[in-house]
Amino acid sequence: MKKFTVALTLVMALGGISMATQAVSDTGGMKSLRGAKALDEGTRAPTMHKFNKDEEPMKRSYVQQPPVIPHKVRGYKVDLNSNKCLSCHSWDNYKESGATKVSLTHFNTRDGHALADISPRRYFCMQCHVPQAVTEPLVENTYKNSAE
Amino acid sequence: MGQESKGLFARYWGMLTTPAKAAMGSILVGGFIAGVLFWGGFNTALEVTNTEEFCISCHEMRDNVYQELKETIHYSNRSGVRATCPDCHVPKEWTYKIIRKIQASKEVWGKITGIVDTPEKFDAHRREMADREWARMKANDSRECRNCHDFQSMDYSEQGRRSVKQHQDALATGQKTCIDCHKGIAHQLPDMKGVEGWD
């Protein structure tokens, strides 16, 4: 009896393991952004993107688009103490730095009140403005910009 | 050499940190002597105190500014050249170095009084320290930066558009020096209220 229990347990355990491995290794033809990889198969981390060097401002794709950042932003900090972006883009500093000044919309609160300084909702620039890197699109898309 | 002075220091330290044994005045004098012991005087000691290991042997330096430095280009970059604390903070030339070291004996006093011994205290004190550091660099035309970065050796064709413009306009003409434009490259910045170009 005891022997039988042990054997049964072993068989069940083995079966369980093989079922488990089968379940995770069978992708059922599914492809995700990480490729046709089984769940338990490791994937190589993609290499980090290299951000573009400083370029001229880029064309915008639609009205009201936050323009993309045409330069490197490595190490630029925006926090309670300082705002590196504004040290070039604010109305006080843009002339000396040669940067585009932030537009008036950046001084408005949600209710349309114009403030004397940058509006808190526009303080964290990279919520809307992003630097650029040359990459392949992850999924196909058919977007056309408004000018085309 | 390093070992020996450590043992000596440890004993001395015990004496200093037991308040009953030393009056305020003698702590001051002791602090100064410790300062000279640590920072000044003879060249071997100078060399020992001129390493990053020495700087970060104080937790005040290790837990704050050092951690911040680790995230920057001066700690790791494609060329594998690392800038250490003394590279940016301690003059290379002997006379300037001695002057700076003697000034720095006040850090020993700061250590004893615990002026920046918690992150909160460090942050509250940061602006004052940064202001002094900026003033020093401004006054010596960012000499320590120039030990590594020679303006004459900059290849503009390799630099970004923004760099070239600013370096040719304001740096080449001597209107500005590195630290005017490159604050906060190694550590977190303090509250920048009232600092020219940041407000």
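Bear in mind that the values in this text are calculations on the coordinates, not laboratory data. The model shown is predicted, which means the values in this text are computed figures rather than measured ones. A quick note on method: Cβ atoms are made from the backbone with ideal geometry, for glycine too, and the neighbour counts reach across all protein chains shown.
Of note:
- Average silhouette area of the range B:50-144, convex hull of alpha-carbon atoms, in square nanometres: 6.5 nm²
- Label sites at B:Ile98 and A:Gln64, each approximated as a point 7 angstrom past Cα along Cα to Cβ, lie 7.0 nm apart.
- Residue pairs exceeding 31 angstrom between C-alpha atoms, taken from B:Lys101/B:Lys165; A:Lys59/B:Lys165; A:Lys101/B:Lys92; B:Lys92/B:Lys183; A:Lys50/A:Lys95: B:Lys101/B:Lys165; A:Lys101/B:Lys92.
- Proximal charge balance of B:Glu144 [Cβ under 13 Å; K/R count +1, D/E count -1]: +2
- For residues of B:166-172, the mean tally of beta carbons on other chains within 10 Å: 1
- FRET efficiency estimate (nearest 0.05) - Cβ-Cβ, B:Gln175 to A:Thr27, R0 51 angstrom: 0.20
- Distance between the modelled labels on B:Ser79 and A:Lys95, one decimal in nanometres: 3.6 nm (7 Å Cα→Cβ projection).
- Each label point was placed 7 Å from the Cα along the Cα-to-Cβ direction; for B:Asp117 and A:Lys77 their separation is 2.5 nm.
- For the range B:76-104, the residues whose amide N sits under 19 Å from a probe point set 7 Å from the Cα of B:Arg146 along the beta carbon direction are B:87-100.
- Computed E for B:His59/A:Lys144 - FRET, C-beta separation, R0 56 angstrom, nearest 0.05: 0.45
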